Amino acid sequence: MPALRVRALEKRYGRTEALAGVDVEVGDGELFGLLGPNGAGKSTLVKIACGLVRPTRGDAEICGVPAGSAGARRSLGYLAELFRFPGWASADEVLSLHQRLSGSSGGAVEREELLELVGLAYARNIRVEAMSKGMQQRLGIAQALVGFPPLLLLDEPTSALDPAGRRTVRKLLEELRGRGISVLLNSHLLSEIELVCDRVAILRDGRVVAAGAPDELARPRGVEIETDDGLVHFDGGREDAARAVAELVAAGRKVYRVDVRRSTLEEIYLEAVGE
């Protein structure tokens, strides 16, 4: 059973069509990237999954039950892009509050595990107002994990982090995948999505215009070979690299490096959204 399934999802706000028949499925333990320019429909899809917005047509299910139902809400954790915690509260108090709100019975043991998981074990008694933006962001991920729901919806979770902080979050997401927790990751940092996500979907004007694993969506960009006489470029992909090297060696050239070039997720994205 997929953690998230939306089928033929449509949403209209008056004359504005935010979603125009979207099909997306996030598998069990899958890291799924949701991409698209502003106004593409990403936020509307996430709000429908959370039960904050009702679709005009189509279905959205969380772990097999309708989005917005009590069962669906118990099965997901959510981190909004713009969130606020009380400045006077400590990290432990923030998590304790969200345990009460969600009905989690994990107690202090769960709070300690969550803080350890996001690299904030040392910050249990530090107040939010004394935390850096990155620390607050990691605390936000910890509150989304209260109760360890099978699905996380994360909206720009690395936006306030430095490179070291983003690496910490990447490791965290990989650990969650190992625990069988699914993640729908909405982010504009395409390099982060490319590093961590199993599959992606690119939205434009409320429609899915590309979907699949980043490697499946990539296109060959030729073969670049460094020789004793400089760089040589060949058309084609990986299957053509051996032939190109053999031709150069037969011609008496020394080969130092072979780079099979493929399109990056950024290039795939820009082509898909027409920018």
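Values quoted throughout were computed directly from the atomic coordinates according to the rules given, and no laboratory measurement underlies them. Everything numeric here is computed off the predicted structure, so don't read it as measured data. Glycine gets a Cβ as well: all are built from the backbone with ideal geometry, and neighbour counts include every protein chain shown.
The angle between the Cα long axis of helix 133-144 and the longest principal axis of the Cα atoms of the chain comes to about 70 degrees, rounded to the nearest 10.
Springs join every pair of Cα atoms under 10 Å in this Gaussian network model of the chain, and among GLY230, GLY140, GLY77 the largest mean-square fluctuation is at GLY230. Considering only VAL46, VAL223, VAL24, the mean-square fluctuation computed in a Gaussian network model of the chain, springs between alpha carbons under 10 angstrom, is largest for VAL223. Sequentially through the range 72-86, phi angles give Karplus couplings (6.51, -1.76, 1.60; θ = phi - 60°) of 5, 5, 5, 9, 9, x, 9, 10, 6, 5, 10, 10, 9, 10, x Hz, Gly and Pro residues having no value and appearing as x. Across the range 192-205, coupling constants 3J(HN,Hα) worked out from phi with the 6.51/-1.76/1.60 Karplus curve, θ = phi - 60°, read 5, 4, 5, 6, 10, 8, 6, 9, 9, 10, 10, 9, 8, 6 Hz, and Gly and Pro carry x. Electrostatic bookkeeping for GLY237 treats Lys and Arg as +1 and Asp and Glu as -1; over the other residues with beta carbon under 10 Å from its beta carbon, the sum is +2. In terms of the mean number of neighbouring beta-carbon atoms within 10 Å, the peptides 163-175, 141-153 order highest first as 141-153, 163-175. Entry note, the chain: relative contact order of 21 percent, from Cα contacts under 8 Å with a spacing of 6+ residues.
What's the Kirkwood radius of the range 218-263 in Å, using all Cα pairs?
10.4 Å
For LYS11, the lysines whose Cα comes closer than 28 Å to its Cα, not counting residues fewer than 8 places off in the same chain, are LYS42, LYS47. With contributions of -39500 (n - 2.57) from each DSSP H run of at least four residues, the per-residue ellipticity at 222 nm computed over the chain stands at -10500 deg cm²/dmol. Shown here for the range 8-71: trypsin sites (Lys or Arg not before Pro) in loop regions (DSSP other than H, G, I, E, B) with at most 16 other Cβ atoms within 10 Å, namely ARG15.
When you filter the chymotrypsin sites (Phe, Trp or Tyr not before Pro) in the range 1-106 for DSSP loop state and at most 13 other Cβ atoms inside 10 Å of their Cβ, you are left with TRP88.
Summing Lys and Arg as +1 and Asp and Glu as -1 over all other residues whose Cβ lies under 13 Å from the Cβ of ARG127 gives a net charge of -2. DSSP bridge analysis restricted to the chain gives an antiparallel fraction near 65%, rounded to the nearest 5.
Near VAL109: Cβ cut-off under 14 Å, other residues only, Lys/Arg at +1 and Asp/Glu at -1. The net charge is -3. What is the antiparallel percent of DSSP beta bridges lying wholly in the range 58-200, to the nearest 5? Given both bridge residues lie in the range 58-200, the antiparallel proportion sits at roughly 25 percent.
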